[in-house]
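Visitor: Following this message is one structure expressed as structure tokens.
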Amino acid sequence: MSDGAQIIPVREAHQFNEGALLDYLNENVDGFKGPLTISQFQGGQSNPTFLLHTPDQDYVMRKKPPGVLLPSAHAVDREYKVISALQGTDVPVPKTYCLCEDDGVIGTAFYVMEKVEGRIIRIPSAPDMEKAERAATFDAMNDALAKLHNVDVDAVGLTDFGKKGSYFNRQIGRWTKQYRASQTDDLEMMENLINWLPENLPASDETSITHGDYRLENMILHPTKPEVIAILDWELSTLGHPLADLAYNCMPYHFVHPKSGGLVDVDHEATGIPTEQEYIDAYCKRTGRDGIENWSFYVAFSFFRLAGIVQGVYKRGLDGNSSSKVGEEYAMFTNMLASLGWQQVESGQ
């Protein structure tokens, strides 16, 4: 993808018929010319991602993982649809080339998009940046999210991309079901959230395109400027409540990730990183809001949802079909996330 994205040989579990892929691309991508060299991007817990190198151009392919999958998970067709729909908007997305839903070609559905050259920042605090660039980068991330939420869903042909309204009620039900499908332990705090969230839904019921995994690591920055040039990893996107995206984006303010850290104790003055309230205020200004009530609900929901996602990753690791070897390390994360979510509830009451 770019700087910070480690390229490795295709993992054994994800190998496929490369000749069949070459034939398909020759027939379905304008201007495509081999020979084709394929490697894999390290990481990507869900949909395996590959670099397709040709002498004229590099491409990126996302495919479903092998093995038995949870219902509605790994929807590469939805990723392709939303990225394609946003091509003509001011939301920064890669160019898309083709979607193949025929499992007979390489064994699973896949799509191909352009390889965007730029920087990927893995650490939320962006430690390698200067203060001014760091501040501008956070502002660019905020701006790109506001642009996404300001898109007219119907005008870009995404009316049927999800149901309008009742987003939190449906999402709580969905992730409770997904969590139950991959549950391995009894976690008291997760049960508390499953019971509390449906009883405390916010009054506002809005609909926008939501990314679902909006964070600094899932975007490509311009090679030299603090600008977002492509938002990646749209697998969890749908029509939803925009404040779910904003709260998820703000999660580093509330917990320290065991590997990538967070923004809990960051020195805002020294680093240029805005406070959470400053970040929220900037977003509100860009989306025409007067402020946000019951912020703790949105953050608690984000922890609950991420706990459900992480539990699925852990279970896939146990079952041997996670797309990264770190899947089994996620066992302790689920309980930590659920506990942090419940802390939000208790602190907000």
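The values are calculated or read from the model by the stated rules, or taken from the named source; none is laboratory data. These numbers were taken from a predicted model, which means no experiment stands behind them. Neighbour counts run over all protein chains shown; Cβ positions are idealised from the backbone, glycine included.
Visitor: Filter the range 30-42 down to residues that are more than 26 Å from the chain's Cα centre (by Cα) and closer than 15 Å to Ile106 by Cβ, then give me how many there are.
Guide: Step one: filter the range 30-42 for residues more than 26 Å from the chain's Cα centre (by Cα), giving 30-37.
Add one more test, that the residue is closer than 15 Å to Ile106 by Cβ, and what stays is 36.
Counting residues in the range 30-42 that are more than 26 Å from the chain's Cα centre (by Cα) and closer than 15 Å to Ile106 by Cβ gives 1.
Visitor: Shifting gears a bit: Out of Thr137, Thr89, Thr159, which single residue is polar (S, T, N, Q), assigned to a loop (DSSP other than H, G, I, E, B), touching a Leu at 6+ places or on another chain (Cβ under 9 Å) and in contact (Cβ under 8 Å) with a residue 12 or more places away in the chain?
Guide: From the options Thr137, Thr89, Thr159, the qualifying one is Thr89.
Visitor: Would you check if Ile292 is crowded, with 19+ Cβ neighbours inside 10 Å and among the aliphatic types (A, V, I, L, M)?
Guide: In short, no.
Visitor: Still on this model: For residues that are of a type in the set (D, E, K, R) and buried (at least 24 other Cβ atoms within 10 Å of the Cβ), scanning just the range 302-317, find the one that is nearest to Leu337 (Cα to Cα).
Guide: If we take residues in the range 302-317 being of a type in the set (D, E, K, R) and buried (at least 24 other Cβ atoms within 10 Å of the Cβ), then Arg305 is nearest to Leu337 (Cα to Cα).
Visitor: Taking into account only those residues within the range 179-211 that are touching a Pro at 6+ places or on another chain (Cβ under 9 Å) and under 25 Å from Ile83 (Cα atoms), which is surrounded by the fewest Cβ atoms within 10 Å (Cβ to Cβ)?
Guide: Selected residue: Glu206.
Visitor: Sticking with this structure for a sec: Would you confirm, using the coordinates I've provided, whether Tyr59 is under 15 Å from Leu232 (Cβ atoms), modelled with pLDDT of 95 or more, over 17 Å from the mean Cα position of the chain (by Cα) and assigned to a strand (DSSP E or B)?
Guide: yes
Visitor: For the range 279-326, give me each residue that is touching a Phe, Trp or Tyr at 6+ places or on another chain (Cβ under 6 Å), among the hydroxyl-bearing types (Ser, Thr, Tyr) and modelled with pLDDT of 85 or more.
Guide: Quick first cut of the range 279-326, residues touching a Phe, Trp or Tyr at 6+ places or on another chain (Cβ under 6 Å) only: 302, 305, 308, 310-311, 313-314.
Among the residues that remain, those that are also among the hydroxyl-bearing types (Ser, Thr, Tyr) are: 302, 314.
Once the filter is applied, which keeps residues that are touching a Phe, Trp or Tyr at 6+ places or on another chain (Cβ under 6 Å), among the hydroxyl-bearing types (Ser, Thr, Tyr) and modelled with pLDDT of 85 or more, the range 279-326 yields only Ser302.
Visitor: Being in contact (Cβ under 8 Å) with a residue 60 or more places away in the chain and more than 25 Å from Glu235 (Cβ to Cβ) is true for just one of Asn142, Asn150, Asn192. Which residue is that?
Guide: Details: Asn142 fails: more than 25 Å from Glu235 (Cβ to Cβ); Asn150 fails: more than 25 Å from Glu235 (Cβ to Cβ).
Result: Asn192 is the single residue among Asn142, Asn150, Asn192 that is in contact (Cβ under 8 Å) with a residue 60 or more places away in the chain and more than 25 Å from Glu235 (Cβ to Cβ).
Visitor: Let me ask another. Looking at this structure, is His149 touching an Asp or Glu at 6+ places or on another chain (Cβ under 9 Å) and more than 26 Å from Arg316 (Cα to Cα)?
Guide: yes
Visitor: Test Val299 against the criterion of being aliphatic (A, V, I, L, M) and not in a helix (DSSP H, G or I), and give yes or no.
Guide: Criteria not met by Val299.
Visitor: Which residues, taken from the range 12-47, are modelled with pLDDT of 90 or more and assigned to a loop (DSSP other than H, G, I, E, B)?
Guide: Passing the criteria: Gln15, Phe16, Asn17, Val29, Asp30, Gly31, Phe32, Lys33, Gly34, Pro35, Leu36.
Visitor: In addition: Can you report the number of residues in the range 114-134 which are outside any loop (DSSP other than H, G, I, E, B) and either in contact with a Lys or Arg (Cβ under 8 Å, 6 or more places away or on another chain) or β-branched (Val, Ile, Thr) (or both)?
Guide: 1
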